[in-house]
Amino acid sequence: MLAAPTTVSITTLDATTLAAELERLKPLAEMGRMAATVAHEIRNPLTGISANAELLRENLERSDDLESVDIILGEVERLSRLVTDLLYYSRERPSERKPLDLSWLARASCDLSIAEAENAGVRLTWHGQGKGHGDSELSRQALLNVVRNAIQACARGGQVAITVDDHRIRVTDTGSGVPEALRERLFEPFVTGRTRGLGIGATVAKRCQQRQDGDLLLESTGPTGSVFTLTWTC
C-alpha cells in the first residue's frame, strides 16, 4: 500500500517566511529611528555654529581668516543638507495632497539653488507653466535634491534647465551622464558616483515623490548630460 503523500501548508510557509522577514527588518527600522533622532540632535548645534561663524565673519578683515570662516560655513551647510535628507528619508508624515503650482515650485527651487549654481559656474534657468496635485513640502525637497544633483554633475560653464508642464517637471543638465554601472541602482540609498556625500539625495527625492503618489525617473542620460523627470498626479 502506498503511503499518502506529504503535504505542506503554503499558508504556514508564507507565515513563517513573513515572520523571518519582519525579524530581519527590525534592525533596519531601528536604524531609521536612530538616524532621525541623531539628525534632530545635530540640527540645533549646526544652527548655532552657523550663526556664530556668521557673526565672526563680520568682524574679520584678513582674507585668509575670512576664507577659513567661509570653509566652516560651507561645511556646516553640507552637514545641514545631509541632516535634512536623513529626516526626509526616515520620517513617515502622511502626505497632504493639494493643488500645486509647479511654476512656483520651479522658481522657488531656482531661488534656493542659484548661489550654489553661481559658485559652481553653472547657468541655472527655468521656464514653462503647469499644475499638479501633491504635497508642497515633499515636492520642494524632491525638486531641490534633483536640481542640486544636476548642478554637481556639471563642470564649470555647464547648464541646468528646469522645464515645467502640467503634472511634470524635467531637469536637464549638461554633465557627463550617470555611469552605466549605477543606472539600475541610482535611486537606492548610499549609491553615488561622487567621492563625497552619502548618496541619498536621489533616494530621498524619489521617496518624497512616491509618498505623494508621484514619481521620479531618469528619462535619459549620456556623455552630454541627463534628464530627470518628476511627475505629479492630476
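Here ASP65 meets the list (1) in a helix (DSSP H, G or I); (2) within 17 Å of the chain's Cα centre (by Cα) almost entirely, failing just condition (2). Within the stretch 97-108, not a single residue is more than 15 Å from the chain's Cα centre (by Cα) and on the phi > 0 side of the Ramachandran plot. The set of residues in the stretch 186-198 being surrounded by 11 or more Cβ atoms within 10 Å (Cβ to Cβ) and at pLDDT 65 or above consists of LEU186, PHE187, GLU188, PRO189, VAL191, THR192.
Based on this model, can you work out whether LEU138 counts as surrounded by 23 or more Cβ atoms within 10 Å (Cβ to Cβ) and out of contact with any strand residue (DSSP E or B) (no Cβ under 6 Å at 6 or more places or on another chain)? It is true that LEU138 is surrounded by 23 or more Cβ atoms within 10 Å (Cβ to Cβ) and out of contact with any strand residue (DSSP E or B) (no Cβ under 6 Å at 6 or more places or on another chain). With a requirement of 2 or more residues that are of a type in the set (Gly, Ala, Ser) and free of Cβ contacts under 8 Å to residues at least 12 places away in the same chain, none of the helices (runs of 4 or more DSSP H) lying completely within the stretch 87-191 satisfies it. Condition (residue is modelled with pLDDT under 80 and in contact with a Leu (Cβ under 6 Å, 6 or more places away or on another chain)) applied to the stretch 37-45: is it met by at least one residue? Yes; the residues of the stretch 37-45 include at least one that is modelled with pLDDT under 80 and in contact with a Leu (Cβ under 6 Å, 6 or more places away or on another chain).
Report, ordered by the first and then the second residue, all pairs with beta carbons closer than 6 Å, sequence separation of six or more or different chains, a first member in the stretch 202-216 that is under 17 Å from ARG170 (Cα atoms) and in contact (Cβ under 8 Å) with a residue 24 or more places away in the chain, and a second member that is among the β-branched types (Val, Ile, Thr) and part of a helix (DSSP H, G or I). The qualifying pairs are ALA205/VAL146.
Restricting to the stretch 121-135, what's the tally of residues that are closer than 17 Å to THR172 by Cβ, touching a Gly at 6+ places or on another chain (Cβ under 9 Å) and surrounded by fewer than 20 Cβ atoms within 10 Å (Cβ to Cβ)? The total comes to 1.
Can you say whether ALA29 is crowded, with 16+ Cβ neighbours inside 10 Å, among the hydrophobic types (A, V, I, L, M, F, W, C), in a helix (DSSP H, G or I) and at pLDDT below 80, as far as the supplied structure shows? When the stated conditions are applied, ALA29 does not pass them.
The values are calculated or read from the model by the stated rules, or taken from the named source; none is laboratory data. In this text the structure is predicted, and so the values were computed from the model without any measurement. For neighbour counting, all protein chains shown are included, and Cβ atoms are generated from backbone atoms with ideal geometry for every residue, glycine included.
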